[in-house]
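Enquirer: One structure, pasted below without further comment.
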Amino acid sequence: MAYPSQLGFQDAASPVMEELLHFHDHALMIVFLISTLVLYIIVAMVTTKLTNKFLLDSQEIEIIWTVLPAIILILIALPSLRILYLMDEVNDPHLTIKAVGHQWYWSYEYTDYEDLAFDSYMIPTQDLSPGQFRLLEADHRMVIPVESPIRVLVSAEDVLHSWAVPSLGVKMDAVPGRLNQTAFITSRPGVFYGQCSEICGANHSFMPIVVEAVPLQQFENWSSLMLEDA
């Protein structure tokens, strides 16, 4: 869960998000070192009284400022491509859920069950219980078992939406007439919040996503109760 004045990312709740956090720190350190070097060169060029008329004609410095940026780009690109392929992998999911975006709510269908489907609306501010988060709580949460590969099929009924949960490292566009898929594994139990990340209309900011990861036995009890109510 994000908190006021937070500068970094939310705490990772999935292996992919942990990799993204490590890559962010890796790239940020490279950018910091480059910025420090450039700032030092600027200050030195402005303040020094010494000059070298052969500096701009040096073959060695031409090689350095051509090869060094290429090496830096490779150091950034290789980890980035690795994570990109990791995020695209969907290997033997234990559960498949279809998330469909509407104006302005989400509907979920558990495709491994016959009649397990529900709509998820934002809880209005006046109906919130103490401790619940404004604009983030939903009347029905997407409940999943912890430490299990989950596949989410994402689509939309009317306009473009985007199903995103930052702490899980998941963000997938919901396009009408198109079925996109993503996958994740929750590494710990908890409640993880997200919001539609596409400007989908007047109530765009009022269609939250709430994912609740629970132990497998608790998930089975929840699914049995939902099927009985259906």
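The values are calculated or read from the model by the stated rules, or taken from the named source; none is laboratory data. Note that the coordinates shown come from a computational prediction; the quantities given were computed from them, not determined experimentally. Keep in mind that these areas ignore ligands, DNA and RNA; they rest on the heavy atoms of the full protein, side chains included. Shrake-Rupley method; radii C 1.70, N 1.55, O 1.52, S 1.80 Å.
Enquirer: Could you please state how large a percent of the accessible area of the chain is carbon and sulfur, counting protein chains only and using a 1.4 Å probe?
Expert: Here carbon and sulfur together make up 61 percent of the probe-accessible area.
Enquirer: Suppose we keep just the alpha-carbon trace of the stretch 134-178; what are its Rg and Dmax in angstrom?
Expert: 12.3, 33
Enquirer: I've got another one for you. If you roll a 1.4 Å probe over the heavy atoms of the protein chains, what accessible area per residue do you get for the stretch 118-207, in Å²?
Expert: 47
Enquirer: Taking 8 Å as the Cα distance limit and 6 or more residues as the minimum spacing, I'd like the relative contact order of the chain as a percentage.
Expert: In percent, rounded to a whole number, it is 21.
Enquirer: Round to the nearest 10 and give me the degree value, 0 to 90, for the angle of helix 15-47's Cα axis relative to the longest principal axis of the chain.
Expert: So the inclination is approximately 30 degrees.
Enquirer: Mind pulling up the Rg/Rh value for the stretch 95-229? Radius of gyration and Kirkwood radius, both on Cα.
Expert: Reported Rg/Rh, Kirkwood definition of Rh: 0.94.
Enquirer: Moving to a separate point now. Which of 90, 67, 211 moves the most in a Gaussian network model of the chain with Cα springs under 10 Å?
Expert: Largest GNM mean-square fluctuation: 67.
Enquirer: Okay, moving on. Could you report the accessible area of residue 48 in Å², rounded to 10, computed with a 1.4 Å probe on the protein chains as they sit in the structure?
Expert: 70
Enquirer: Okay, next question. In a Debye calculation with equal point scatterers on the alpha-carbon sites of the chain and no solvent, what is log10 I(q)/I(0) at q = 0.14, 0.15 Å⁻¹?
Expert: -0.93, -1.04
Enquirer: Across every pair of different alpha-carbon atoms, what Kirkwood hydrodynamic radius in Å does the stretch 15-88 reach?
Expert: The answer is 15.0 Å.
Enquirer: Where only protein heavy atoms count, and the probe is 1.4 Å, what is the accessible area per residue for the stretch 15-88 in Å²?
Expert: Per-residue accessible area for the stretch 15-88 comes out at 86 Å².
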